[in-house]
Amino acid sequence: DDPVYMDNQAHREEYVLNEHGILYEGVYKHITCRPWHFGQFEDGILDICLKILDMGASYHHGSDRDHCWRNDPVHVSMVVNHMISSHTTNSIMKIPENNDYLKGTKPFSWNGSVPILQQWYSGRCRPVRYGYCGSLASVMCTVMRCLGIPSRVVTNFCFPCSVENPLGINEIFDCTGKNLCGKDKLWRYHCWNESWMARRDLNQCCGDWQCLDPTPLETGRGSACSGPTWVRSIREGELDLDYDGHHMFSRVNSNYVGWLSQNNAKKTKFFCDPWPCAQRLITKSVGSEQFEDITGAYKYELGSMKNKEAYYRAYRRIHPGYCNASNCHIDRELSALKNPFLSDSGINMRLKMANCPMYGEDVQLHWLLENLRSENKNLKFNLCAQIITYSGCPMDQFWKDSVNVTLGPREVKNIPLCISYSQYGPYLCDHNIIKVVAVSDPECGEVLMVSRDIVINRPPVIVKLLSQPRLKVPCTAEISFCNPLQEDMKNCVMTLEGCGLFKEPMTIDLGTLASNQQARTVVEFTPYRLGSHRLLANLGCHKF
């Protein structure tokens with residue numbers, strides 16, 4: 001009879017009892033992962049979670065004298081969702097404005113939820129600075145699991161954040177291929193939370209996944225968190241059924257539109273083969289370190305009849321002026337918005353990775369071009385590379401080139417490209433995503449564009465246990481790291497965390513590491529709790 005009941009034992013163990021999680025990041029074609037400690041059973045966490053409910057009680061109820069709403073998972077989830085980052089003064093965590101986090105902790109340096117919640121609680125409930133969507137969703141997952149509500153973190157790759165058109169995302173480039181900073185942002189990935197409950201307010205008799213996004217996002221009427229939204233209602237396009245349904249639907253069904261901005265401020269659509277937004281939605285698998293693809297829970301297969309029917313249904317609700325419009329009318333409107341395909345120009349192009357670069361290594365690509373016509377093609381291309389944040393903000397453009405390409409009838413050409421570490425290294429910082437673009441010169445006629453997002457992998461930190469962990473018996477581990485760069489790494493700091501192994505995170509100052517220098521440090525700890533534990537190590541320096 002409990003609205004949060006799960007009848008699958010393995011699912012209960014994963015989504016309520018498991019303290020170890022995995023966050024998925026990167027880009028659609030190169031998914032990376034990092035472990036995370038939820039730590040919902042650590043000492044003091046339950047008290048902190050109850051304090052969160054106390055602080056957020058006025059969000060929906062004005063007063064909390066009778067506490068009667070606390071047996072309703074819908075209201076509990078809304079309060080927790082609001083408290084993570086949307087509360088005006090007492091939210092748990094803040095996201096840095098304009099990627100400026102000099103007055104706080106680097107957003108990607110956290111290994112788990114426990115230090116964040118403890119810092120918020122001990123700091124008189126003032127926001128912890130700083131986090132990002134992954135840490136916000138993970139902290140919410142910790143709180144929900146601690147309160148007994150099954151929860152998991154979901155990552156959406158190619159996440160649109162549009163201010164004006166809820167079902168369209170615009171990216172603007174100049175003639176060199178540089179991505180210009182517009183109102184819309186195409187996040188490379190975005191994390192949110194799903195919680196399992198039966199929605200009595202929707203007359204649900206059985207539990208199902210509800211989407212909750214604690215990251216405040218711009219909606220055109222200010223920034224706000226979203227949910228709970230029934231995941232199935234998103235797939236079906238039933239937007240009137242739930243909280244923030246139109247926001248969540250647009251975040252997995254928006255259409256990409258690319259524009260070239262010329263010197264006279266004229267914007268034209270270029271030929272390209274855009275990937276759909278929300279290319280893939282994944283979460284940690286039950287009882288496994290692998291990920292589970294849950295894209296099908298949010299939308300039907302692209303181009304299928306059910307996918308089209310859901311889209312038409314949602315389109316009419318988002319755009320009331322099309323309430324009585326035919327499906328053909330909506331199709332014509334959508335076709336007018338989209339970019340023409342590269343094949344329509346008689347040219348096919350793609351950028352293919354030749355290696356999987358790590359910090360310090362050159363980026364190697366193959367630029368593949370194919371002439372689909374029976375006549376020669378003479379084109380001039382401008383190429384560039386720039387840093388892109390995970391939230392789609394374009395940063396420094398650090399590499400430019402121009403190439404004249406001649407393609408004979410039906411000819412296929414492979415042009416190797418190389419971006420050296422000396423070119424991208426000084427600009428990468430914490431943002432390990434590079435966008436490479438090739439765009440044809442507008443003076444040659446039709447504008448063609450191809451792009452590729454590249455993830456630069458961080459060097460690994462190796463953790464090796466030197467003795468078998470036993471309860472209340474001292475244990476040692478060796479942490480090692482090698483500087484792979486052809487330069488010194490300055491201000492190197494190792495952060496260690498292990499729920500059940502030591503109560504407070506350890507910080508080890510490694511100073512400066514010379515090129516190819518191996519750093520080894522031995523740490524001693526005494527496990528204070530039975531169970532499965534994980535020791536996490538995170539290295540930070542002046543480079544990342």
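The values are calculated or read from the model by the stated rules, or taken from the named source; none is laboratory data. For clarity, every value in this text was computed on a predicted model and none was experimentally measured. Quick reminder, even Gly has a Cβ in these numbers, built from the backbone with ideal geometry, and neighbours come from all protein chains shown. These accessible areas exclude ligands, DNA and RNA; they are computed on the full protein's heavy atoms, side chains included. Shrake-Rupley method; radii C 1.70, N 1.55, O 1.52, S 1.80 Å.
Structure notes:
- Size of the stretch 142-209 from its Cα atoms: along the principal axes, largest to smallest, the extents are 55, 26, 14 Å.
- At the residue level, Glu289 shows approximately 100 square angstrom of accessible surface with a 1.4 angstrom probe and all protein chains present.
- Out-of-range pairs (alpha-carbon distance over 19 Å; input Lys106/Lys400; Lys29/Lys267; Lys269/Lys352; Lys106/Lys543): Lys106/Lys400; Lys29/Lys267; Lys269/Lys352
- Equivalent-ellipsoid semi-axes of the stretch 1-148, from the Cα gyration tensor, Å, largest first: 25, 22, 13
- In the chain, taking the dipole from charged Cβ atoms about the Cα centre, the farthest positive-side position among Pro214, Tyr359, Leu167 is held by Tyr359.
- The residues of the chain have, on average, 44 Å² of accessible surface per residue, using a 1.4 Å probe with all protein chains present.
- Between the stretch 460-497 and the stretch 277-324, the C-alpha centres lie 42 angstrom from each other.
- Computed with a 1.4 Å probe on the full set of protein chains, the accessible area for Phe108 sits at about 40 Å².
- Charge dipole magnitude, Cβ of K and R +1, D and E -1 - the stretch 461-540, Cα centre, debye nearest 20: 440
- Remark on the stretch 9-306: ratio of C-alpha radius of gyration to 2.2 N^0.38 Å is 1.01.
- Percentage relative contact order, the chain, counting C-alpha pairs under 8 Å, at least six apart: 12
- Heavy-atom surface analysis with a 1.4 Å probe gives the chain a carbon and sulfur content of 48 percent of its accessible area.
- For the chain, the normalised intensity computed at q = 0.07, 0.10 Å⁻¹ comes to -0.44, -0.90 (log10 of I(q)/I(0), Debye sum over alpha carbons, equal scatterers, no solvent).
- Residues whose amide H lies under 5 Å from that of Leu485, counting only those 5 or more places away or on a different chain, are Asn516; hydrogens are built 1.01 Å from N in the peptide plane.
- Leu217 long-range amide H proximity, modeled H, under 5 Å: Ala224, Cys225
- Separation between Cα centres of the stretch 97-155 and the stretch 412-454, rounded to whole Å: 34
- When +1 charges are put on Lys and Arg Cβ atoms and -1 charges on Asp and Glu Cβ atoms, the dipole computed for the chain relative to its Cα centre reaches about 560 debye.
- Shown for the stretch 461-540 is the translational diffusion coefficient from the Stokes-Einstein equation, using the Kirkwood radius over Cα pairs, a temperature of 10 °C and a viscosity of 1.306 mPa s: 119 µm²/s.
- Selection among Thr229, Val4, Ser138 by position relative to the dipole of the chain gives Ser138 as farthest towards the positive end (Cβ unit charges, Cα centre).
- The stretch 1-48 pair-distance distribution - Cα-Cα, 10 Å bins, rounded %: 21, 33, 34, 12, 1
- Charge dipole (debye, nearest 20) of the stretch 9-306; +1 at Cβ of Lys and Arg, -1 at Cβ of Asp and Glu: 780
- Computed over the stretch 9-306, relative contact order equals 18 percent, with contacts defined as Cα pairs under 8 Å that lie 6+ residues apart.
- Size descriptors for the stretch 347-455 (Cα atoms only): Rg and Dmax, in that order, 14.8, 47 Å.
- Toward the positive end of the charge dipole of the chain, with +1 on the Cβ of Lys and Arg and -1 on the Cβ of Asp and Glu, the farthest Cα among Val74, Ile84, Asn253 is that of Asn253.
- Relative contact order %, the stretch 347-455, counting alpha carbon pairs below 8 Å whose residues are six or more apart: 31
- Taking θ as phi - 60° and the Karplus parameters 6.51, -1.76 and 1.60, the scalar couplings of the stretch 180-190 work out to 8, 7, x, 6, 7, 10, 9, 5, 5, 7, 8 Hz in sequence order, x denoting glycine and proline.
- Size descriptors for the stretch 340-405 (Cα atoms only): Rg and Dmax, in that order, 15.0, 43 Å.
- Remark: C-alpha extents of the stretch 253-349 on the principal axes read 56, 39, 26 Å, sorted largest to smallest.
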